[in-house]
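Below: one structure, written as structure tokens.
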Amino acid sequence: MKKLIVIILVFATILNIIGGAFLFLDIQVMSVPEMTLRLELINITSDVAVLQTTISVINQNSFPISLQNLTIHTVTDTGDVINHLVIDGGEIKADENKTFSQTTSVRFNGSTPHELTSRITGTFGVVFFGLIKKTLPLKVSLVTNLNNIIEQFSLPILHMAMNFSEITEERVNVTGIIEVTNPNTIDIAIENISITIETDTGIQVGIVTIQGDIIPGETTAQLSSIGTILLKALDAKTLHLALQAEVLVVIAGMKKTMNLTIDAEITPPRLESLLSDLPTDVSLTGIYTYNLREGVHDQIIFKIKNPNKLTFNATDITVQISRIDRNTTRLLCNSTLPDSVITSQNTTVLQGDMVIPLSKLWPRVGERLFADRLEVMLRANITISGLNQTVWIGVIAYQDFPFPRLFP
């Protein structure tokens, strides 16, 4: 019996020695497992970025191997460690492809790294019958460009508008409005907003500065501010609006500032649309005197009330006097009045003299001896000094014929 036990032990020892010898020879040509390390961004907020670390291992050997003590360190290009991760290893059979995966949250702590370097360390080895153990160190590195993370961020969508309001003798009050849509899941801050306004000939006529604000993720906000532009902007065919702003985004604690510019073209409003009330509170009267040699002398008195806080220039003032017989109108005379100034928030009186020749007074075929009435029409263009635009105003007054009626 003792001999049998001795024989078995000797046989087992020889078998182990032979097997170990073959395994030793095989280990000498053992291939390092092919490993792929992938770092994937699966979620991002203003505070943290959630990264998924995946290790794919292909065992190209004819025997199983074991991965142990897998540790991943992720550092920025400034040397700051932002991630320390331990992944459970395990056995990988011969010619097997196996994947190990784990997620972690990282924060960049206000720095702005350009890239991340992830290093995986550990050991891999083989065990035969529990007697022979061979381990080798394992080390793999991966450099991740952070542009991949920044590209996850979309610039805000902006719409720009300009409202014109009160006008003065030098400037026009405007309200710059921008509508900001943040398509991202993280909050953004838009700062240092300014709108430069130029004419179509490249002359700068104003700048509007808008107070910045924080735009929450996936929301739309409207920002506005009041400014002024030069009066001559109204003479431009178009106005060019150039918006400049800074967008501040915090991604996983990492601050990133980006410049944002947009352009727009608008048509300036007409002068009449900016006046609070056109000066149309007017009266037109005539004082007539008769002269057998010259005809009828008419002293025109035109009163105009200007409710605006603006002084206007009245130009191209024309007056026409016509006679009306039933449904027939005939021009008797026309004249012009000198240019004048219509003072602000006051009543201005314009006067002029007109003469209706006797030859014009005689009735024509189909007319009565004396007209039913006279029609006095005054027209003028008003504008503001320094502005090429004019606003046309007109008034019509009807007066009894200055001679006594002899016939009904």
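We did not get these values from a lab; they are worked out from the coordinates using the rules stated. What you see is a predicted model, and the numbers here were worked out from it, not measured in a lab. Note that we place each Cβ from the backbone using ideal geometry, even for glycine, and neighbour counts take in every protein chain shown.
Per-residue extension of 0.36 nm, minus the Cα-Cα distance of Thr328 and Lys139, leaves a gain of 57.2 nm for this segment.
Annotation: amide H-H contacts under 5 Å for Val355 (H modelled 1.01 Å from N, sequence separation of 5 or more, or interchain): Asp298. Taking a straight line from the alpha carbon of Lys309, these aspartates and glutamates sit under 19 Å away, with near neighbours fewer than eight places off in the same chain left out: Glu166, Glu169, Glu170, Glu272, Asp277, Asp281. For Glu265 and Asn192, the difference between the fully extended length at 0.36 nm per residue and the C-alpha to C-alpha distance is 24.1 nm. Annotation for Gln299 and Val365: the two label points, set 7 Å from Cα along the Cα-Cβ direction, are 4.0 nm apart. Put the Cα centre of region 35-98 next to the Cα centre of region 152-168 and the gap is 47 Å.
Counting 0.36 nm for each residue step from Gln211 to Gln60 and taking away their Cα separation leaves a gain of 48.1 nm. Does region 157-269 classify as rounded, prolate or oblate by the C-alpha gyration tensor (a ≥ b ≥ c root eigenvalues; a/c under 1.5 gives rounded; else a/b over b/c gives prolate, otherwise oblate)? In terms of gyration-tensor shape, prolate.
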